[in-house]
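None of the figures in this text is laboratory data; all of them are computed from the coordinates on show. What you see is a predicted model; the values in this text were computed from it and never measured. Here Cβ is always computed from backbone atoms with ideal geometry, including for glycine, and neighbour counts include all displayed protein chains.
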Amino acid sequence: MTYENSTDIKIRVKDLPFSADDGQILRALEGYTCVILKQNAKSGTWEKWIPSFVKRTDLLCPSDLCILDPTLTITSKNDCCTCLAKPSWKFNQWIYDLVLEYTRRGGIAKLIGETTVNSRLVHNNGFLSHLPYNLCNFGKIVEIETTYNKISSIGNISCLQILNTLDLSHNSIESIGNSTFKHLPLLRELRLTHNGIKTVEPFALPGTTMSIFWVDLSSNNMTKLDISNVFSENRFCRYDFSSNRIIQIVNEQNFQINVNKKYHGGFVDLDLNDITQWFDFKDLGMHDIFILGKIRRFVFSLQKLKWTCDCRMEPFYELSQDALPRMWRDFLNVTCWDPPEYRGLSITEHFVKGDRLDLLICNKTSADKCPQKCYCFYQPKNRKTVVNCTDVGLTALPKFVPEGNNLTLLFDGNNIEFLEHREYFNRSSVISLSNNKLHTISSNAIEIIGSNAVLDLSGNNMNELPRYIQTFDPCNTKLGKIKISCSCDDHWLVDWVKNKRAKKCKNTTEIICFIGDEYVSTIDLDLGKFCNDDDSYLTFFNILFGLIIALLLGICGVLYTFRYELFILKRKFMNRKSMKIYPLHKYDVFISFDDDDTELRFWVMKTLASYLQGACYKTFIPCRDDSNEITQWFDFKDLGIDDINILGKVLQFGFSLQKMKWTCDCRMEPFLELSKDVLNIIWRDYFNVTCWDPPEYHGLSITDYFMEGDHLDLLICNRSSADKCPKECYCFYQPKNRRTVVNCTGVELLELPKYVPEGDNLTLLFDENDIEFLEYREYFNRSSVISLPKNKLHAISSNAIESIDSNIVLDLSDNNMNELPRDIQSFDPCITKLGKTKISCGCGDQWLVDWVKNKRAGQCKNTTEIICFIENGYVSTIDLDLENFCNGDSNLIFLNISFGIIIGLLLGLFGVLYTFRYELLILKRRFMNQKYTKIYPLLKYDVFISFNDNDTELRFWVMKRLASYLKGACYKTFIPCRDGKFGDIREEALIDNINICKNYIVILCDKYHTEDTFWTTVEWKYIWHSFKQNKERQIIIINYHQLESSEIREEKLKAFVRVGTDIDFSNKKHDLFQDIHYRLGSPILTNNGLKCANTKFIAKSLHSQEMFMLDI
C-alpha cells in the first residue's frame, strides 16, 4: 500500500500508552513491517510537573496537548498529565542500551554495560527464562522491555530504585505477589499482558508506597480480582484487566474505603471477562452503599460483560438514579444478557430512565423455601418478597415461604378451608386468600398478623369470626359480605364495625348477623332489642370472684418478693434462745468479706478478729487461715518444660512442699525416677514430702518409701470408664514399666471388651472368664501381653491373630480349642503359651508339623504341646509324619485348582462387564434401534440440544449453524438458553422438556461437565436417565474440543468416546451435519405442510467463524 501524495499517515498502534517515547513507537512500527524513511518530531511545549501525590521531580507534561475533555475523564491538568507526562530522561538521546549475554542453556543470562549512567534493557523475541541474574548491579536502569521471551517469574527487583517502565508482556508469568513492586517508588508504567497470569495477590498494585499510572494486565488467566488492586488513593491513568477470565471481584484482606480520604481515581477496564452477577458491595467491605460516593471519580468499563439483570443491581442504580444524568459517559451504557427477555436492553435507558427498576427481581426456588407450583421473587425496589400461589390447587396454607420481611402472600383461587397459624404471618404486609373455601379462622393465626397488614378474605364461606379481628380496620381488611350467627355476647362485633367507620366501606366488608330469626347488618344492629334479660346477679358474682382472685394473687406476689426477709425473721426469733451444743464444729464463726479492700481488711484483722478472740470465739478468715490446695504433682509439659532433664537448670532452687496434701500417683514417677540419684547428694529436710492420697499410702514418705525402698512401680494412675476401662475391670497406667494394665481377671466376661484405655504397651489380663471366641480387636496391635488362660476358647479368628505382633507374650493355655488358624505359625511356640491342645488334623496341616518342629517346640512341651487326632488316634505333632497318612489326594488337589481358576475367570468377566457397563448399553442401543420407526404422539420436540452456553463461539455455532440446519430439515429443537421460560423453576422445567424430546444432542467441550458448570451437569443427569428408561431414544455426542476419554471425568460421557460413537467436530470428511441427520432419523412430523430444505454441504475451515455453511 503506498501513499504517493500524502504527507501524513495515521497508523493505529495497539498496546502503547500515550506517554510512549519515540523509540517505543519506532519499534512498534517496525513490528508491523513499516519502513521509516524520515522522522520529524515536533518538540511541543513541555513544562515541569511536580504532582503532590508522587515523590519525584523529573516529570514533564505537554501543556499544549493537555486540553481538558470531560468525555475522556480529563477534568483537570493533573488528570491529563497523569496520562501524558514523560520523565525527563526520555528527552535525552544518550540513554545507554545494555547488552544481554546468555551464559547457560535454559535462558540464563547476564547484563554487560555501564552501571553508573541511566540505562535500559531491551531484549524482545528471545529465550530468557529469568531476568538477568546480575540485574541488581545496574541500579540506574530506568526501563526494562523483554517481551516475547519465556520469563516465568519476576523475582526480586526492589534494587531498581529508579525503574520507570517495566514491560514483560508475552512471557510465562503466572502470579504476582504483593511485595513484587512494593519497593519501586518511581515505577510508572507496568505492562504484563499475554502472560497467563492466574493470581494477583491483594495490595499488589495500588496498595504500595508508589503510584503506578499505567497497568496493563489484559489477556491473562485471572479468575478473580481483589478490590484492593482497584481502588488507589493516588491518581492513575488506566488499569486494564480486560480479556481475562475474571468471575468475581473479591475482598480477601478486608480492604476498607477510608471515608476521611480523597480518592482521585482513573479508568479501570474490566471488559471481556466472565463477570455476570452485579457486585455485592457488602462482600466488598462497603456495608453502606453511600460510601460509593467516595469513588465517584473512578471510571469502570463494563460494557462488554454478560450481565444478569436482577435484584443485585437495583440498590446501586436506585442510589445513582439522580446522579447518572450529570455524570453520563458512553461506557456507562451497560446492557443485559440474562434473563433472555431482557437481553440487549440498556440498563440506564430501559430500567433507570424508564422508571422500571421494579423489574429487577431475583427468583426464589424450592431451595429458598418457595412452595411447590408457586412463583416467588424478591423485588428490592418495593422492598418486598412476593409469593404467588394463585390458582395452584392448594388445600392448606404452605408451611414455609422464603425468608425476609414485607412478604406479599397471594393464595387466591385455591381450596384452602382453614386459616391456621403460620410463623411467616408476622413478616407479611399483604395476605390475600380471596375465592377459597375458608369457613374457619384460627385465633392464634389472627393474633400473629400485624393489624396494619392488608388482609383479603373475600369470596369465602366463613360462618364465624375470632374476636381478635376487632384490632383490624374493616376497611383495610376485605372480608366481603359475610353471614354469621350472632348472640348477646357479640357486642364487640357491633362496636367494631361502628367504631371503625365500616359503613363507609360496605363494598369491602359487610357482616350480616343472624339473630332472632332474621338477618340484620351489624352496622344497623341494636342488640338491646334482642338481649333484655336481667343479668345483674351474674355480673355481681363475676366481679366479686374477680376481686378475690386478684387479692390472692397480690398476697402471693408480696410473699414471693419478700421470701428471703421472711426466712431471716423466722430464724431470728425461733433461734434466739437456742442453747444446743455442737461437738463436731471446729470454729465458732466464719468471716466473709472483700479482702481486696485494704481498709476493710485492716478493720477485720485488727479490730473485729481481735475482739472475737478476746471473747473466746474461734474464727476462720479465708485470707488468713486457708492453706494452698495443691494436691496433684506438677505437669512439667504444661509448665513449658518439654524435657524433664531441663530441671537440672533449676537445681539451686529450694521449694517447701511439706504441708501439701499430695496425691501419690503416676504424675510423680518420672520426676522421682530422674532425681533418685541426685537426692542423696543434695538432701534437705524439706524434701521429706509425705502422701495424703490414696488412703493406703497416707503418711508414707515419698523419698524413704518409694525412692529408697524401690517402690516407684506403686506410683500408678487408675483409669476409669471415662478412659474406656471395661466395666468391672481394674485399669491403671504404670510409668515405671511404661505400660497400661487392663486387669479383667475373674469378672465373668463372655466376650473380649470392645474398648480399652488408649496408649501403647498394653498388658491385657482376661484370665478365668467365659470367653469362647478370640476375635479381632483394634487394641491388639498396641499390646505387649495378652493373657486368656482358663477361659472357654474353642476358636481363634484369623484376623485376630494377624493383628497381634508375633513377639508379644500370648497366653491361651487351659482352653478347649479344637482348631488353630494358620497365621499362628509366625509365633514362637515357646513364648506363645497354648498349653496342651488337642485338635483334628488333616493332610492340609503339614504347616502345623513344620511349625512345631522348626520352632524347637520339643524343648518347651510344658508351654505348648499340640496333639493331633488323625485316623482314630492321637499323635503329638512333634512325632507326627503326615506322609504316612496322606498319599492319595492328587485328584482332589487338581479339582480344587480347576475350581479356583473357574471362579477367577468368572470374577474377571464380571469385573469387565461392570467396568464397561455403559459402553455395552450404548452399543446395544445403537444396533437395536437402527431401524426403529415408532411414532411418538406425546413428544413435542425432535431433539434437545445441551451445551455450555457460556462459551461464546460454541453458542454462536449452535444458534446460527446447527439450529438453523435442523430447522431447515424440519426438526423441532429445544435449546434451554433460547426456549426456557423466564420464571419457571429451572430444574423442574428441564425435566419436563427433556421428557418430551425424542433424541438428545450433547456438545461435549472441556467445560461441559465440571464443578463450575452446574446446569449442563444437571441437564446431562436427566438426559441419561431418559435415555436409559426409553429404549427408542438416542444420544448424539458431538466432540467439540476433540477430547480424549482420559480427559473426561464423567463415566457415561467417557463411554461414548471409548466406543467411538461420538462425532468428531474437526470432521475431516466434512459430513458433520449429514452424520447428525442420519443418526436423528426422520422428524416427528414430516407431513405438516412445511417445505423442508434440500441441504448440500460446503466445507469451510473450522478455524473460521462460520464453521459450516448451508446452501438451500
Cross-link table Lys353/Lys381; Lys637/Lys736; Lys924/Lys1052; Lys998/Lys1054; Lys792/Lys836, entries beyond 20 Å C-alpha to C-alpha: Lys998/Lys1054
Where Rh is the Kirkwood radius over the Cα pairs of the stretch 362-526, the temperature 37 °C and the viscosity 0.692 mPa s, what D in µm²/s does Stokes-Einstein return? 199 µm²/s
At a 10 Å Cβ-Cβ cut-off, how would you order Thr509, Thr385, fewest neighbours first? Thr509, Thr385
Specify, per residue and in Å³, the volume enclosed by the convex hull of the alpha carbon atoms belonging to the stretch 717-884. 105 Å³
If R₀ is 51 angstrom, what is the calculated FRET efficiency for the pair Leu359 and Ser172, using the beta carbon separation as r and rounding to 0.05? 0.65
Highest-first arrangement of 94-101, 900-907, 803-810, where packing means the average Cβ count within 10 Å: 803-810, 94-101, 900-907
Straight distance only, please: which aspartates and glutamates reach the Cα of Lys437 with their own Cα at less than 16 Å, same-chain residues fewer than 8 apart left out? Asp391, Asp412, Glu417, Glu420, Asp456, Glu464
Please work out the Kirkwood hydrodynamic radius for the stretch 212-365, using every pair of different C-alpha atoms, and report it in angstroms with one decimal place. 16.3 Å
